[in-house]
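K.L.:
My questions all concern the structure below.
What follows is calculated from the coordinates using simple rules that are stated; it is not laboratory data. Nothing here was measured: the structure is a model prediction, and the numbers come from that model. So basically every Cβ, Gly included, is an ideal-geometry build from the backbone, and we count neighbours across all protein chains shown.
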Amino acid sequence: MSAAEQLKRILTVIPRLADGEEHPVDEVAELVGIDRRKLVADLTSVSERYDTPGGWVDGVSITVGAGHVSVRTSHFLRPMRLTMAELCALELGLGLLRRERHAHELPAIDRASERLRKAITELPQNEQHEGMRAAELSYGGDPTHLATLSRARKAKKKVRLRYRSGSAKESSERVICPHALLHSAGSWYVVAYCETGEGMRIFRVDRVEEASQLAEEFIPSREADVARLAAERPFVGEPERTMTVRYSPRIARWIREREGGELDADGSLVREYPLGDIGWGVRHVLQYGPDAEVLEPVELRGEIVRRLESVAL
């Protein structure tokens, strides 16, 4: 018998008995699925204490008689509830999990997320969390590709990719050895050794068109400085272009806490970012809806307008 098994039994049986009434020991033992001797031993382990200081008042009082047992406590009068912040943290965690799971796992995650949202909306108003906003990650690539890369990394198996870089007009095929996965600025990246002669580099998962795990294993290179690559901002090279975005006063202070900068007199915030490609800029801005406005470049503003008009049609 392990301590974990005993703790699980105790946490199962005590809330059922915590009504102050006497319960037949044999019936309780049958309910839990253990014999009478083990039930008494479990309850005794909770009630007997030899190191309590003078004046100590037990939070749980257990009385075990010849044929009956009773529990008196104020701690099990209602089910335990999560706070608003804990529920929101779970919702955020499920959102992140959804980005890296295979398609057949998504229905279960979606059902759990829906139950969480229902619980959050049914909670009483709480002034401490009035300013909380719902948020989702921008598109980070096909979850199937991310799941394939994750499994291959753990199994140390090579992966055949069809990949289109930001400057290429057509995709190309290559074989990589995935060393690490990381997430930055709303996108997933894989740090990998490319066998086509590029060596260690970073690939953006949303630019992967096809990914298949191969049977051939690889040995992680000792010369590969994965930690250095992962610590750097995952842009290959130095983008010559930048984009400038103004965030509305409604969200500016949250952006400032995360990325720095000074608020303007009207409470808005203007930030400049390296623009690796137009697609990334569009996704970054649209995730904030009407609270983010592109000031430059003009071509990015035009692309956002084009995308929105295509959705509206």
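K.L.:
Straight-line reach from residue 38: which lysines have a Cα under 22 Å away, not including same-chain ones fewer than 8 places off?
P.N.:
Correct list for residue 38: 8.
K.L.:
Here's another thing I want to ask about it. Could you calculate the contour length gain from residue 112 to residue 175, that is, 0.36 nm times the residue separation minus the distance between their Cα atoms, to one decimal place in nm?
P.N.:
Full extension of this stretch gives 19.0 nm more.
K.L.:
Extending each Cα 7 Å along its Cβ direction at residue 89 and residue 298, get the distance between those two points in nm, one decimal.
P.N.:
About 4.9 nm separates the two model spin labels.
K.L.:
Also: Which value in nm describes the separation of the simple spin-label points at residue 286 and residue 31, placed 7 Å from the Cα toward the beta carbon?
P.N.:
It is 5.5 nm.
K.L.:
OK, next. Label the range 247-289 by shape, choosing from rounded, prolate and oblate, from the square roots a ≥ b ≥ c of the eigenvalues of the Cα gyration tensor; if a/c is under 1.5 it is rounded, and otherwise prolate applies when a/b is larger than b/c, oblate when it is not.
P.N.:
Prolate, because a/c is 1.5 or more and a/b exceeds b/c.
K.L.:
Evaluate E = 1/(1 + (r/R0)^6) for residue 242 and residue 264, where r is the Cβ-Cβ distance and R0 equals 22 Å; express this FRET efficiency to the nearest 0.05.
P.N.:
With R0 = 22 Å, the Cβ-Cβ based efficiency is 0.70.
K.L.:
Further question on the same structure: Could you give each residue of the range 207-219 its phi-based ³J(HN,Hα) in whole Hz, using Karplus coefficients 6.51, -1.76, 1.60 with θ = phi - 60°, and x for Gly or Pro?
P.N.:
Once θ is set to phi - 60°, the couplings for the range 207-219 become 9, 7, 9, 9, 8, 9, 6, 9, 6, 6, 8, 9, 9 Hz.
K.L.:
Something else about it: Using amide H atoms built 1.01 Å from N in the peptide plane, name the residues 5+ places from residue 179, or on other chains, whose amide H lies under 5 Å from its own.
P.N.:
191, 192, 193
K.L.:
Separate question: Between residue 196 and residue 277, take the C-beta separation as r, use R0 = 25 Å, and let me know the FRET efficiency to the nearest 0.05.
P.N.:
0.75
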